[in-house]
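None of the figures in this text is laboratory data; all of them are computed from the coordinates on show. Please read these numbers as outputs of a predicted model, since none were measured by experiment. Every residue, glycine as well, gets a Cβ built from its backbone with ideal geometry; the counts of neighbours run over all protein chains shown.
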Amino acid sequence: MEWAFECRKVFPRLDKLAIEAIYAKTPKNVLGRTKGIVQVCQGFDARELLLTGAKKNRSNKKLEEKFIIEISQEIQKMQPKEMRKLVVQHILAHELLHIENRDLLTLSKKYNKRKVKKVHKKEFEEEMHKRYNELRKMKGLPEIKNAKDAQNAVSKIVAETCGAIKGKGGFA
Ligand SMILES: [Zn+2]
């Protein structure tokens, strides 16, 4: 999703990560969610084998991370497109901050599950809003002073245009 690339500019710490953003069927009342996938690379070094003929066993297991941000497919219906983009990027900023904060990863058997700790604290909302405003500034849009106002506006627009999702509390 092209809109995610724009949004990632205000999350420079995530530059090297593989992050994909897609529209998908999400649970009711969930506008966006993020899945983490870890691939453990082990066994022999295939490149080394082709280059040198030597089979070298990898001592270290290498973890490859990938994140998939799912945006509720209900939002895809939203018109006009420019309004949808503002809403989607608000959701993306929220999910990207979770990734930056490592809220989704434990790199253990509980992988893929959100950490038990509460993640939606006031600081989270404030930081997320800061990034959203940075993104708006980058696009030449005026800032929104209050984080709650922005959140409520998104919820309201979603509730009005996507009947299936009731706006409030829709973020995962
Ligand atoms: Zn969240």
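Miscellaneous remarks
- Rounded, prolate or oblate (a/c below 1.5 giving rounded, otherwise prolate when a/b exceeds b/c) for the range 2-161 by Cα gyration tensor: prolate
- Filter on 9/56; 66/148; 81/130 - keep pairs with C-alpha separation over 28 Å: 9/56; 66/148
- Listed peptides 80-88, 141-149 appear in the order 80-88, 141-149 once ranked by packing, highest mean of other Cβ atoms within 10 Å at the front.
- Inter-site label distance for residue 145 and residue 118 at 7 Å from Cα along Cβ, in nm: 2.7
- Environment charge at residue 133 (Cβ cut-off 15 Å; Lys +1, Arg +1, Asp -1, Glu -1): +1
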